[in-house]
Amino acid sequence: MADQQAAASPQRRLSPRQKQRISRGIQYGVLLVIVVVLALLADWPAIKESFLSSKVAGEGLPALFTVALKNTVIYTISGFVIGFALGLVLALMRQSSVAPYRWIAAGYVEVFRGLPALLIFLLIGSLPLAFPGFQVPGEVYGQAALGLGVVSAAYMAETFRAGLQAVPKGQMEAARSLGMPHMRAMVSIVIPQAIRIVIPPLTNELVLLFKDSSLVLFLGVTASQVELAKFGNDQASTFANPTPILVSGLTYLLITIPLGYAARRLEARQGASR
Amino acid sequence: MSTVEIRKLHKSFGKLEVLKGIDFSVESGQVVCVIGPSGSGKSTLLRCVNLLEQPTSGQVFVDGIELTHPDVDIDAARRRLGMVFQQFNLFSHLTVLRNVAIAQERVLKRSRAEAVRVARENLEKVGLSEKAESYPAQLSGGQQQRVAIARALAMNPSLMLFDEPTSALDPELVGDVLQVMRKLAEDGMTMLVVTHEMGFAREVADRVVFMDQGVIVEDGPPEQVISAPQHDRTREFLHRVLHPGV
Ligand SMILES: Nc1ncnc2c1ncn2[C@@H]1O[C@H](COP(=O)(O)OP(=O)(O)OP(=O)(O)O)[C@@H](O)[C@H]1O
Ligand SMILES: [Mg+2]
């Protein structure tokens, strides 16, 4: 019926192409209005002074890289290593024929995915209350690795589980038929293939961890243990100028954007080879 | 002593009884081909022989050792059996050479040098020496299946199990794989082969076993089972296989 009407009065009807053009015109219009309003409202000299002060930014060098970025990388990588190992163990526990192992692993994942990472860091600081005399080795570095590790392990466990399930059943059967015990077949055949499959999502997890490393600030760090976010914040209060926060942000992006890009590239390549 | 002996083998998946009492044996050096319609339990039978499936009841003996005995070390027992799958199942993260070497090292505890030597020997046997450094994904299906045969042979099995080794292959690649299997048979390997290749069965098999609905219907030399079947079910099946589309 609509077709008939359109055919009857072609003059008053807009073709899909015309409609599209009008819709796009409206969207550009809205965008332009918002930009102009923001530009008029903003106090440009003040912004330049507060956020783009090259003098204040320069004060942060070279510590921005030699201390803050270095520590951020250390916290991230040590947390990733612990999360990777623990996540793999949890994923294997979920496949165990011993039911309590499956329950423990499933419970762990639920609990640690459901809690804010911040809460974990606050709890880690209080561990000595539960276990008098207990010290996480490596002080803040150890605590940070533990905190980031236990949180990311919950996510990585789910990723590994998907990866293990994605390895065709025939791989295990072929390994067993060659006389490999179950454990041997897992270690030599199934796990290496599962890890290949999960490299792209694990790269994304690394990006998340890199950002979460800012939570280390709640462990109470000294000047030499400071990471990017706290470094920016401290500098900002010292100079009463928020430029260092912006600089810290840019430094995060320096790492996270290439990593995210690499993850997408790896994903695309895997998609193509399957 | 038979290489394989199967007694009163039953296998059920839940309520579905797939094998309903199988008795037969394969003598050393014999080639036995198993034929039968889809779903008749051929794969399940093969998988029960190397305990990839746990039989519901019955016994499986290989070289006189009862694999179904509760105390038997199944991983040790499986070393006597080579298995070739329809889908090849090469280890996709390893090169061809590593595919053939890895179980020798991990299971038989051969040194790496020894394992590589044996691997190259067996790759030579299946005509793929020049592919040693390739990955499985870089090979044709027929080449992958020949690597899978080399991988099984490298473990010096006393029996080779083949589950429709050519069914996943393009027609023009079937011949190379059958040629390798023919050569194996000539060299005296004991083989239990599930196949739809009647030409191969007629030419190479010492015995042909026809299975239907979980039982062995007919068991005898190929001249008899394929060319002059005694049972209606066998005749009907062969008619369908040999005259597809009729
Ligand atoms: N793991 C399993 N769980 C449940 N049922 C199964 C399982 N494996 C096989 N079956 C069933 O057992 C029956 C026999 O299967 P099997 O694979 O042994 O047949 P086949 O003779 O090899 O057939 P084909 O020629 O199609 O390969 C089928 O009905 C199948 O659906
Ligand atoms: Mg089958």
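The values are calculated or read from the model by the stated rules, or taken from the named source; none is laboratory data. Everything quoted here is computed from the prediction, not taken from an experiment. Note: ideal-geometry Cβ built from the backbone for every residue, glycine included; neighbour counts use all protein chains shown. For the accessible areas, the whole protein counts, side chains as well, though only heavy atoms, and no ligand, DNA or RNA atoms are used. Shrake-Rupley method; radii C 1.70, N 1.55, O 1.52, S 1.80 Å.
Structure summary
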read-out	value
Accessible area buried, both sides summed, chains A and B with 1.4 Å probe, Å²	1700
Cα shape, the protein assembly as shown, gyration tensor, a/c 1.5 rule	prolate
Point-charge dipole on Cβ atoms (K/R +1, D/E -1) for segment A:56-267, about Cα centre, debye to 20	740
Chain B: most fluctuating residue of B:Leu159, B:Leu169, B:Leu123 per GNM, C-alpha cutoff 10 Å	B:Leu169
Charge sum, other residues only, whose C-beta stays under 9 Å from B:Thr44's C-beta, Lys/Arg counted +1 and Asp/Glu -1	+2
Global geometry of chain A, whether rounded, prolate or oblate, following the gyration tensor of its Cα atoms and the 1.5 cut on a/c	oblate
For segment A:56-267: relative contact order, % (alpha-carbon pairs under 8 angstrom, 6 or more apart)	31
Lysines whose Cα lies under 23 Å from that of B:Lys20, excluding same-chain neighbours fewer than 8 positions away	B:Lys8, B:Lys11, B:Lys42
Accessible area (Å², per residue) of segment A:56-267, counting only protein heavy atoms and a probe of 1.4 Å	47
FRET efficiency estimate (nearest 0.05) - Cβ-Cβ, A:Leu254 to B:Ser25, R0 60 angstrom	0.25
Interface residues in segment A:171-187 - accessible area drops by 10 Å² or more relative to the isolated chain, probe 1.4 Å	A:Gln171, A:Glu173, A:Ala174, A:Arg176, A:Ser177, A:Leu178, A:Gly179, A:Met180, A:Pro181, A:Arg184
Segment A:56-267, accessible surface, carbon-and-sulfur percent (1.4 angstrom probe)	70
Charge dipole (segment A:56-267, unit charges on Cβ, about Cα centre) - positive-most of A:Gln165, A:Val56, A:Thr76	A:Gln165
Choice from A:Glu110, A:Glu49, A:Glu173 showing the highest fluctuation, given a GNM over chain A with Cα pairs closer than 10 Å	A:Glu173
Prolate/oblate/rounded label for segment A:72-116 (Cα gyration tensor, a/c 1.5)	oblate
FRET efficiency, 1/(1 + (r/R0)^6) with R0 22 Å, evaluated for A:Leu208 and A:Gln165 via beta carbons	0.50
Portion, in percent, of the accessible area of chain B that falls on carbon or sulfur, probe 1.4 Å	46
Cα point-scatterer Debye curve for segment A:174-232, base-10 log of I(q)/I(0) at q = 0.14, 0.25, 0.27 Å⁻¹	-0.61, -0.94, -1.00
For chain A, built as a Gaussian network whose Cα springs stay under 10 Å, the top-fluctuating residue of A:Ala91, A:Ala105, A:Ala185	A:Ala185
